[in-house]
Each structure stands twice: as C-alpha cells, then as structure tokens.
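The block underneath contains the structure these notes are about, expressed in structure tokens.
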Amino acid sequence: MRNKETLIQDQEPELSVNLGGLIMNNPVAVASGTFGYGREYEDYVDISSIGAIIVKGTTLTPRPGNPGPRIVETPAGMLNSIGLENPGIDVFLNEHLPYLQEHRCTVIANIAGNTVEEYAELAARIEGHRGVGAIELNISCPNVKQGGLQFGTDPELVFQVVNAVKKNSTLPVIPKLSPNVTDIVSIARAAQAGGADALSMINTLMGMAVDIKNRKPLLGNIFGGLSGPAIKPVALRMIYQVYREVKLPILGGGGIMNLNDALEFMMVGASAVSVGTGIFVHPRLAVDIAEGLKEWMQQNNISQLSEIVGVATH
Amino acid sequence: MPFVEQGLVVRHNQVSRDMWELEFIAPAIAPEALPGQFVHIRSALGINPLLRRPLSLYDVDKKLGSITLLYKIVGTGTNLLTRIKTKEYVDVMGPLGKGFSLPPKGKRVVLIGGGVGIAPLVYLARVLSDRGYQVKVLHGVESRRQLVAFDKMRQIGVDFMPSTMDGSAGFKGLVTELLQKKINPSEVDYIYTCGPEIMMAAVADYARERAIEGELSMEEYMACGVGACLGCARKLKTDDESYVKICKDGPVFPLGAVELLG
C-alpha cells in the first residue's frame, strides 16, 4: 500500500495545453518559416512529438520570394527577408499536409493574403481538410510589399481579417501579431473583437544591416525581420502587456534558446511557446525544451502549467 | 542520413596567414560523407555568433572516422573557431547538401579551385583517384604560401598544376588563364570547380564554349542548412521565377545552372 506522498510524487506533470481550442501534447511549438513543412527536420527529431508544427506561410498562389541575400547574421540574432517564398495553398494541402498527417503531427497552418478576401478564401480552402488543427494568421510579415505587415499595424484591418477568417473556418484562429507597432494592446484587442481564439506573438522586428565595403544594405530587400535572442526582451514586454489586458491564450516566442527562456515567456503570460531561430542551431530544440519543462515541473512540484502562466504579471 | 554530433578535435592548425585546417572525429557523419557535401558547425558556444557556419568537406578519413575542414578567417565566427583546441569538441551537423556526381568511368576530369575554394576539390580528388579516374587539379592563389592543398594532392597522386598571381609558384596569372593556355580542351571530359564566383563564371563560359560538362560548388549565407528557412536562395539561370536552395538543392550544381555574381 503506497502512502499519499508517493502518490503525489508519482504523478506525471501535465504538459498538454489547450490553446484556444487547439490541444497540444506539450506547450512547445515550432514557428512558421523555421521548420519548413516538418520533413526538413525528420532526420533529427521525432516530428510527431513536437507540441505543434506551424508550417511555412502559405499564400493562394505560389510566390518565388525575394532576391538575395535573404539573411544576415546580427548580434545575437539574424535578419531575414525571405519574402514568403512558398508553393501556394494547393501544393501545401496536396503534397505537404498528407505527410504531416501521416506522421500524426499537430499542425497549425499559417496563411497570408494580399486582401481581406484572400485571407478568407485561404481559410475556406483549408476548411474540411483533416490534419490542420488551427490557423495562424500572418498579418505581420515585414517582407512583402502588399498585405503582411500592413494588416498587422492597423487595428481596423486586424479586426476585419480575423472576422472574415472566423466566418469561413471552424478551426481555432490565431493571429500572429507584429511588434512593429506603437500600441500592441490595441492590436490585440482588435484581434479579440474580431473573434480570435488565441494570439501568437511576436513576429520579427523590422531592421537592416549595412555592407560597409560595398556601401549598401546587406539584404537584397534592404529591410528584414530581426529574430533570435536579440528580440527576447521586446517579446517578453509585449506579452506581459497583452496578457494583462486581453483574456486570450498567448503562444509566445521571440529568441527562445532554452528552457529558462521558455519559462520566462510563460511567466509573463504565454500558455504555450514557439521556438524559431534557435532551431537552426539546435534542430531538437522544441522537444528538448518540452522534456526539460517536464523535469522542471517535477522538481518544482508543479502539476499544471497554468500554475506558472502569468505569475510574473501579478 | 545527417546527424548532430560532438566531434573530438584531433588536429587544428594554421596552414597559411588566414587559413586553418580542423580535423575531428565524427563517427556518425564521416562514414556517410560524400565529396561536395558540407557540415554545419558551431564556431563557439553562446549566442554571439548565433548561427552555425557551413564548411565543405576538405578531406574524410573513413578508417579513422575523421573529417577535415579547411577554412579561411572571414569574420567573427571563423575567428572564434580558431580558438578551439585539440581534445576539445566541436558541435557539428551533417553531412548536408547534395554533393558532386561522378562522371561515367574513363572520363578525364579537371578540377579547378580558386583560393580556399580548393577545399571540396581535395576530397573529390581523393574519391575520383580511388575510383581510377584520370584527375588533373588546377589551383589558383595569390602566392605560393596559399597552396595549402599541395601535400594532400601529391599524396592522393593527382596531376597538380598551381597558378599564382605573383609568379612565386607554377603558372603566373589567373587559374582561368592557366586553363586557357596550358590545358588541351580535347583532353577534358568533365570539369569541377569551386572558388570566387567570378572565377567559376569564367570556367562555366570556357566549358560551355567547348561543350564540356561539369559541376560547381556554391557558397551562400545559411541559417538552417537543411532547406527549411529558404535563406540561401539563388536564382536559376534557366527560369528567372524560381530560386534554388544552396543548402539542400546544392551546394553543387551543374555548370551554368545558377546565376553567378560578378
């Protein structure tokens, strides 16, 4: 007969989370654009064990992307200006999604449109396809001329896009917010009013770098999105602000490189986290953090993640 | 299949003013490594520099399970890399990318390297030589001291022809001039090249004019190294709407397939 104390010790901490209706086995996702369609990393990690795979941003028609150079390393981070290179929604649904479904991955589709109608149509095209668990709205891509960032910086447009997508979809809808705004809370409120089920934050910060020798911008596209540990403090601050004002679950990310980083995000209000740039250094980063989190919970007698989400905001 | 492993450094020495050779034991990666492929290596722990550095395979000793890299100091990452000492470990991911293809048996091949671009051609020369191909290697550098692959090429047993800009060894002038003036094109069936893009473009022109097939190896800034981030894209010459990924579709491409700079 085991006593009560051992029973408590034997209890496995609960890692699964409900992110606005999307059930994740663990709270660590991989960010859009950093993990391709999953198969790019199949040799390094059991992709089915990842909390959620947010696939590369998808548009209605194929996009070739921006001229190079597309990336440049900066202190504790990198700039990218990929320009949403992707084969279009049909190729995603017919060629990439079946593979992810076969591997029983939790998939979040990421969609990007030039107009509100395009976002709505993309959501409609995904509707009914098994294997997609949620939709992340890319309203914050800094690297495309039309749409993208423009949608994410205007509360009225955020409302319209989210609302239009919600009308065409039964899936949880998760707008990805841009940090390139003056007041992140007003954007988050607009997303909530539009019917968002959760918020993903943050996308990259717009920046640039200069080639001194050739006296011109280093990126072919001049500007790019800054990611990596350099942006972590900004991400934490914005999540803190939004968590206190908007009652939606937050998928938080921005420069997460290890378990401690992930814990910081949770403590300022992220129910789940995403890793991105860190994957380029550690392909197994998402599952390593999830495993580390489980151990940390055991060591700290935490049975539910809700016990730590937002604790640093009180 | 690629791996991430901690490679035990067994040799790390400076071979010229700004070039180093790094040899480490990589029991998982070495047996699978093919000429023209690369490894993605962390030059230091910590977050600055953050990203791995793609370095081509200079030589592979399958018996020892070791990989040797030849690198040139170009920035912070490669500068920090020089600090790694023997008996320490390097964090390596690989083998990555699509390597060189081998031409049909009996073809006479010429390898043309510029500067540190000789790196992937050494392992290629070893494999070609082992398989009985007739191999000629042209290496263009500024000065004699940069002919860092000389000993390896001699040990492999290929016909090695250097060119130097200062005339301190071999042919005086550009390696492409050496190619034009000293090589009989009727004795060349296949060309491999790696080096500055302006040089590779000249080699590609030479080959096209004489209807000689071949391949080149490209270099580009990379983040993931596995085809996920689409950061190392380059335009295809044949179709100006599509990009190829240097890391996954390459780094080796047929001569003339990809747009070169300069």
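Worth a mention:
- Among residues of region B:220-262 being in contact (Cβ under 8 Å) with a residue 40 or more places away in the chain and in a strand (DSSP E or B), the one that is nearest to the other protein chains (Cβ to nearest Cβ) is B:VAL258.
- Matching residues, region A:43-72, being within 7 Å of another protein chain (Cβ to nearest Cβ) and among the hydroxyl-bearing types (Ser, Thr, Tyr): A:TYR44
- Selected residue (criterion: nearest to the other protein chains (Cβ to nearest Cβ)) from residues of region B:209-219 that are of a type in the set (Asp, Glu) and within 20 Å of the chain's Cα centre (by Cα): B:GLU219
- Those helices (runs of 4 or more DSSP H) lying entirely in region A:232-305 with at least 3 residues within 14 Å of chain B (Cβ to nearest Cβ) and either within 30 Å of B:SER43 (Cβ to Cβ) or not charged (D, E, K, R) (or both): A:277-281, A:285-299
- Against the numbered list (1) open to solvent by 30 Å² or more (accessible area, probe 1.4 Å); (2) in a strand (DSSP E or B), A:SER200 comes up short only at (1).
- A Cβ distance below 8 Å, combined with a sequence gap of six or more or placement on separate chains, defines the contacts here; from region B:1-16, residues that are within 14 Å of chain A (Cβ to nearest Cβ) and among the aliphatic types (A, V, I, L, M) reach residues that are surrounded by 16 or more Cβ atoms within 10 Å (Cβ to Cβ) and assigned to a strand (DSSP E or B) in the pairs B:VAL4/B:ASP91; B:VAL4/B:VAL92; B:VAL4/B:MET93.
- Matching residues in region B:138-194 - criterion: being touching a helix residue (DSSP H, G or I) at 6+ places or on another chain (Cβ under 8 Å) and of a type in the set (Val, Ile, Thr): B:VAL141, B:VAL148, B:ILE156, B:VAL158, B:THR164, B:VAL175, B:THR176, B:ILE191, B:THR193
- Applying the condition of being touching a residue at least 60 places away in the same chain (Cβ under 8 Å) and in contact with a Pro (Cβ under 6 Å, 6 or more places away or on another chain) to region B:118-152 and asking which residue is farthest from B:GLY36 (Cα to Cα) yields B:VAL127.
- The single residue among A:ALA230, A:ALA190 that is touching a strand residue (DSSP E or B) at 6+ places or on another chain (Cβ under 7 Å), small (Gly, Ala, Ser) and at negative phi turns out to be A:ALA230.
- Considering B:TYR206, B:TYR192, the condition of being closer than 23 Å to B:ALA257 by Cβ, more than 14 Å from chain A (Cβ to nearest Cβ), of a type in the set (Ser, Thr, Tyr) and in contact with an Asp or Glu (Cβ under 6 Å, 6 or more places away or on another chain) is satisfied by B:TYR192 alone.
Each row is one residue, and each column tells you yes or no for (1) touching a residue at least 24 places away in the same chain (Cβ under 8 Å); (2) within 14 Å of chain A (Cβ to nearest Cβ); (3) open to solvent by 10 Å² or more (accessible area, probe 1.4 Å).
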| position | (1), (2), (3) |
| --- | --- |
| B:PHE24 | yes, no, no |
| B:ARG42 | yes, yes, yes |
| B:SER66 | yes, no, no |
| B:LEU80 | yes, yes, yes |
| B:VAL90 | yes, yes, no |
| B:PHE100 | yes, no, yes |
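- When A:ILE308 is tested against (1) on the phi > 0 side of the Ramachandran plot; (2) surrounded by fewer than 20 Cβ atoms within 10 Å (Cβ to Cβ), only condition (1) is not met.
- Any hit, region B:46-57, residues being more than 14 Å from chain A (Cβ to nearest Cβ), open to solvent by less than 10 Å² (accessible area, probe 1.4 Å) and not in a loop (DSSP other than H, G, I, E, B): yes
- A:GLU295 vs. criteria within 18 Å of the chain's Cα centre (by Cα), of a type in the set (Asp, Glu) and modelled with pLDDT of 95 or more: no
- Residues within region B:171-200 that are open to solvent by 30 Å² or more (accessible area, probe 1.4 Å), in a loop (DSSP other than H, G, I, E, B) and without any contact (Cβ under 8 Å) to a residue 12 or more places away in the chain, tallied: 1
- Residue in region A:73-86 that is more than 14 Å from chain B (Cβ to nearest Cβ) and farther than 24 Å from A:PHE151 by Cβ present: no
- Criterion (under 21 Å from the mean Cα position of the chain (by Cα) and over 21 Å from B:LEU124 (Cβ atoms)) met by exactly one of B:LEU147, B:LEU138, B:LEU174, B:LEU178: B:LEU174
- B:ASN13 vs. criteria modelled with pLDDT under 95, surrounded by fewer than 23 Cβ atoms within 10 Å (Cβ to Cβ) and either at negative phi or not β-branched (Val, Ile, Thr) (or both): no
The values are calculated or read from the model by the stated rules, or taken from the named source; none is laboratory data. These numbers were taken from a predicted model, which means no experiment stands behind them. For neighbour counting, all protein chains shown are included, and Cβ atoms are generated from backbone atoms with ideal geometry for every residue, glycine included. Only protein heavy atoms, including side chains, enter the accessible area calculation; ligands, DNA and RNA are left aside. Shrake-Rupley method; radii C 1.70, N 1.55, O 1.52, S 1.80 Å.
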